[in-house]
Amino acid sequence: MLRFVKGKLFLPLALMLVFALSRIPGMLPQNFSAAYALAFCAGVYFCGGMAWWLPLGTLLLTDIGLNIYYLHLGWPVFELPVLKYQLFNYAAYAFLIWFGRRFSPKASFLALLGGGILGALLFYLITNTASWFFNPFGNPEYTKNFLGWLTALTKGTTGWPQTWEFFRNTLMSGGLFTGLFVGAMKLTEASESAKEKGEKPAEEHEAEEAADEAKA
């Protein structure tokens, strides 16, 4: 169920499908993901426990598949530092869900879009700080001082694109997918509202006819 569009399971399942497809390796540029918007919008629109278990469960299942894929490529995905870093990722996604629940589904499109972008920004700060702190792949640039932390946020490690490019992709994808998800919900709201308004006069007309028949 949804907090706003109650009784509808199609939209949450569609969001999960979009998110799962976006995680296929090579499908999107690095850090260009539907995950940030998905977690935020789940907090806004999903009701009760579904807001937590559905997005986090989808993350867990897709992460297991990705870890198996990268394990065959020789990545140490099941070593303790990497698992600790992934745990912080889950904490960041849980924060996005919690952050989304601070917003009303009836908030304006711009307010929800801004919330999704801000959530993506906070996610980037949290996860890159965790990457610097745990340094799961032993990057020599990530020294345990302010310079090392700043390097993790802006430049990254040798042999990879600079992390400011990841930051750009994070903000762009957070804004894009939040806009798409919120836009779909707003259109659904408008459609159902128009349908209810169209049905109401017919119901009133039937009630008037019944009253007239009773008088006769």
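From N89, N31, grab the single residue that is under 15 Å from the mean Cα position of the chain (by Cα) and at positive phi.
Working: N89 fails: at positive phi.
After applying the criteria, what remains is N31.
Can you tell me which of Y36, Y45 is in contact with a strand residue (DSSP E or B) (Cβ under 7 Å, 6 or more places away or on another chain), within 15 Å of F99 (Cβ to Cβ) and either at pLDDT 80 or above or open to solvent by less than 10 Å² (accessible area, probe 1.4 Å) (or both)?
That would be Y45, the only listed residue that is in contact with a strand residue (DSSP E or B) (Cβ under 7 Å, 6 or more places away or on another chain), within 15 Å of F99 (Cβ to Cβ) and either at pLDDT 80 or above or open to solvent by less than 10 Å² (accessible area, probe 1.4 Å) (or both).
Give me the residue from region 98-140 that is without any contact (Cβ under 8 Å) to a residue 24 or more places away in the chain, open to solvent by 50 Å² or more (accessible area, probe 1.4 Å) and in a helix (DSSP H, G or I) and, out of that set, nearest to M50 (Cα to Cα).
My answer is L118.
State whether one or more residues within region 79-89 are more than 22 Å from L176 (Cβ to Cβ) and either in contact with a strand residue (DSSP E or B) (Cβ under 9 Å, 6 or more places away or on another chain) or modelled with pLDDT of 90 or more (or both).
Step one: filter region 79-89 for residues more than 22 Å from L176 (Cβ to Cβ), giving 79-88.
Add one more test, that the residue is either in contact with a strand residue (DSSP E or B) (Cβ under 9 Å, 6 or more places away or on another chain) or modelled with pLDDT of 90 or more (or both), and what stays is none.
Checking region 79-89: not a single residue is more than 22 Å from L176 (Cβ to Cβ) and either in contact with a strand residue (DSSP E or B) (Cβ under 9 Å, 6 or more places away or on another chain) or modelled with pLDDT of 90 or more (or both).
Among what's in region 23-33 and is without any contact (Cβ under 8 Å) to a residue 60 or more places away in the chain and not charged (D, E, K, R), pick the residue that is most open to solvent (accessible area, probe 1.4 Å). So that I can check it myself, show each step before the final result.
Let us first name the residues in region 23-33 that are without any contact (Cβ under 8 Å) to a residue 60 or more places away in the chain, namely 23-27.
Still in the running and not charged (D, E, K, R): 24-27.
Numbers: I24: 77, P25: 58, G26: 78, M27: 104 Å².
Applying the filter and picking the extreme gives M27.
For region 150-170, enumerate the residues that are assigned to a helix (DSSP H, G or I) and surrounded by fewer than 17 Cβ atoms within 10 Å (Cβ to Cβ). Full working, then the answer.
As a first pass, look at region 150-170 and keep what is assigned to a helix (DSSP H, G or I): 150-154, 163-170.
Residues satisfying the conditions are L150, T154, W164, E165, R168.
Give the residues of region 181-210 that are modelled with pLDDT under 90 and closer than 30 Å to A20 by Cα, sorted by residue number.
Step one: list which residues in region 181-210 are modelled with pLDDT under 90, which gives 181, 184-210.
Matches in region 181-210: F181, A184, M185, K186, L187, T188, E189, A190, S191, E192.
What do you reckon, is W75 assigned to a loop (DSSP other than H, G, I, E, B) and either out of contact with any Cys (no Cβ under 6 Å at 6 or more places or on another chain) or buried (at least 16 other Cβ atoms within 10 Å of the Cβ) (or both)? Explain how you work it out, then say what you get.
On the way: assigned to a loop (DSSP other than H, G, I, E, B): yes; either out of contact with any Cys (no Cβ under 6 Å at 6 or more places or on another chain) or buried (at least 16 other Cβ atoms within 10 Å of the Cβ) (or both): yes.
The answer is yes for W75.
From the set of residues in region 134-182 that are aliphatic (A, V, I, L, M) and more than 14 Å from the chain's Cα centre (by Cα), which is farthest from L28 (Cα to Cα)?
Within region 134-182, the first condition is being aliphatic (A, V, I, L, M), and the residues that meet it are 147, 150, 152-153, 171-172, 176, 180, 182.
Narrowing the set further to residues that are more than 14 Å from the chain's Cα centre (by Cα) leaves 147, 150, 152-153.
Working: L147: 30, L150: 26, A152: 22, L153: 21 Å.
Selected residue: L147.
The values are calculated or read from the model by the stated rules, or taken from the named source; none is laboratory data. What you see is a predicted model; the values in this text were computed from it and never measured. No Cβ is skipped: glycine too gets one built from the backbone with ideal geometry, and neighbour counts run over all protein chains shown. These accessible areas exclude ligands, DNA and RNA; they are computed on the full protein's heavy atoms, side chains included. Shrake-Rupley method; radii C 1.70, N 1.55, O 1.52, S 1.80 Å.
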